[in-house]
1. Over the chain, what number does the Rg to Rh ratio reach, with both radii from the alpha-carbon atoms and Rh per Kirkwood?
2. Could you check the simple spin-label distance between Tyr136 and Ser114, using points 7 Å along Cα→Cβ, in nm with one decimal?
3. Which whole-Hz ³J(HN,Hα) couplings does the range 4-21 yield from phi under the Karplus relation 6.51 cos²θ - 1.76 cosθ + 1.60, θ = phi - 60°, glycine and proline marked x?
4. If you scale each eigenvalue of the Cα gyration tensor by 5 and take the root, what three semi-axes come out for the range 94-164, rounded to whole angstrom and sorted largest first?
5. Roughly to the nearest percent, how much of the accessible area of the chain is carbon and sulfur, given a 1.4 Å probe?
6. Could you give the accessible area per residue of the chain, probe 1.4 Å, as a whole number in Å²?
7. Expressed in nm to one decimal, what extension gain is obtained for the pair Ala11 and Lys85 from 0.36 nm per residue of sequence separation less their Cα-Cα distance?
8. Work out from phi, with θ = phi - 60° and the Karplus expression 6.51 cos²θ - 1.76 cosθ + 1.60, the ³J(HN,Hα) of each residue of the range 121-126, listed in order in whole Hz, and give x for Gly and Pro.
Amino acid sequence: MSNKADSAITAAKQSDVAIVCVGNHPLSYGLSWGQNQVSSDGREDVDRQAITLEQEDLVKLVMKANPNTILIIVSSFPYSINWSKENVPAILHISQSSQELGNALADVIFGRVSPAGRLVQTWITSIDQLPPILDYNIRNGRTYMYDKNPPLFPFGYGLTYTKF
């Protein structure tokens with residue numbers, strides 16, 4: 001990671017804008033059944049053990065090198081990115097969707113299309129906000145409608161470039 005982080009810092013210092021793409025791999029190729037590479041990854045056979053984004057440390061390093069940083073999170077699920085929300089000027093989330101993902105992101109970043117997506121999940125600030133996994137009573141905070149904690153990003157959150 002050190003060499004990759006050093007390369008990212010060097011590139012960020014030499015750029016007008018730094019773009020950091022982080023997230024989870026949709027399939028985690030090469031891993032056996034019941035294994036994950038990092039605690040915040042999840043698969044159909046492995047529950048996530050954390051909602052923090054380990055790669056947020058890389059975001060911090062790049063931001064220090066270049067405050068004009070865009071954070072792109074490519075993921076299947078929400079992360080608790082409290083530091084990034086407070087410090088990164090632009091955050092874009094996209095789920096693993098297609099072979100055109102890169103072109104779609106470029107179209108949004110360069111203003112060729114106006115993003116109009118809204119979050120389909122509530123992003124919480126801490127794993128401590130989640131009720132016990134076997135508590136199926138939604139009124140005990142299982143859904144955004146009954147959670148009394150302020151979310152990092154609420155269900156339906158999203159911005160666009162246009163005016164209405």
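1. My calculation puts Rg/Rh at 0.97.
2. Label-label distance for Tyr136 and Ser114, simple model: 4.3 nm.
3. 3J(HN,Hα) across the range 4-21, in whole Hz: 5, 5, 4, 5, 5, 5, 4, 5, 5, 5, 8, 10, 5, 9, 9, 10, 10, 9.
4. For the range 94-164, the ellipsoid semi-axes come out as 32, 15, 9 Å.
5. For the chain, the apolar C and S fraction of the accessible surface comes to 55 percent.
6. Here the residues of the chain average 65 Å² of exposed surface.
7. Full extension of this stretch gives 24.4 nm more.
8. Working through the residues one at a time gives 9, 7, 9, 8, 8, 7 Hz.
The values are calculated or read from the model by the stated rules, or taken from the named source; none is laboratory data. Just so it is clear, the model here is predicted, and its values are computed rather than measured. For neighbour counting, all protein chains shown are included, and Cβ atoms are generated from backbone atoms with ideal geometry for every residue, glycine included. Just so you know, the surface numbers come from the protein's heavy atoms only, side chains and all, with ligands and any DNA or RNA stripped out. Shrake-Rupley method; radii C 1.70, N 1.55, O 1.52, S 1.80 Å.
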